[in-house]
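Heads up: the structure comes next, in structure tokens.
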Amino acid sequence: MSHLKDFRKANNFTAKEMADKLGVSLSLYWKVEGDERLPSQNFLARFKSVFPTFDMNIFFAQPEHHSYSQSKKE
């Protein structure tokens, strides 16, 4: 979730500060930020509660699949 990392850095928060603000463990926060785990509904609800103006659609954007695009051109 590079968007999550970008948001955190833009707001000068450490990962520990973000985890504390969201009420989650640092381990869980790192996993979500590092794309090792998808954010749960609870994580997203907490995020929206803490940062109400953040555009949550970014969490649902699908990454491009370049290999699929290339195979469709053949």
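The values are calculated or read from the model by the stated rules, or taken from the named source; none is laboratory data. Source: prediction; values computed, not measured. Please note that ligands, DNA and RNA were not included when accessible areas were found on the heavy atoms of the full protein model with its side chains. Shrake-Rupley method; radii C 1.70, N 1.55, O 1.52, S 1.80 Å.
Taken one residue at a time, the phi angles of region 50-55 give Karplus couplings (6.51, -1.76, 1.60, θ = phi - 60°) of 7, 10, x, 8, 5, 6 Hz. Gly and Pro are set to x.
Backbone phi angles across region 5-11, fed through the Karplus curve with coefficients 6.51, -1.76 and 1.60 (θ = phi - 60°), yield HN-Hα couplings of 5, 4, 4, 4, 5, 4, 9 Hz in residue order; Gly and Pro are listed as x.
Counting only heavy atoms of the protein chains and using a 1.4 Å probe, Asp35 has close to 110 Å² of accessible surface.
Under the criterion of Cα pairs below 8 Å and six or more residues apart, the relative contact order for region 1-58 equals 32 percent. Using θ = phi - 60° and the Karplus relation 6.51 cos²θ - 1.76 cosθ + 1.60, list the HN-Hα couplings for region 18-25 in order, rounded to whole Hz, with x at every Gly or Pro. Once rounded to whole Hz, the list reads 5, 4, 5, 4, 8, x, 10, 6.
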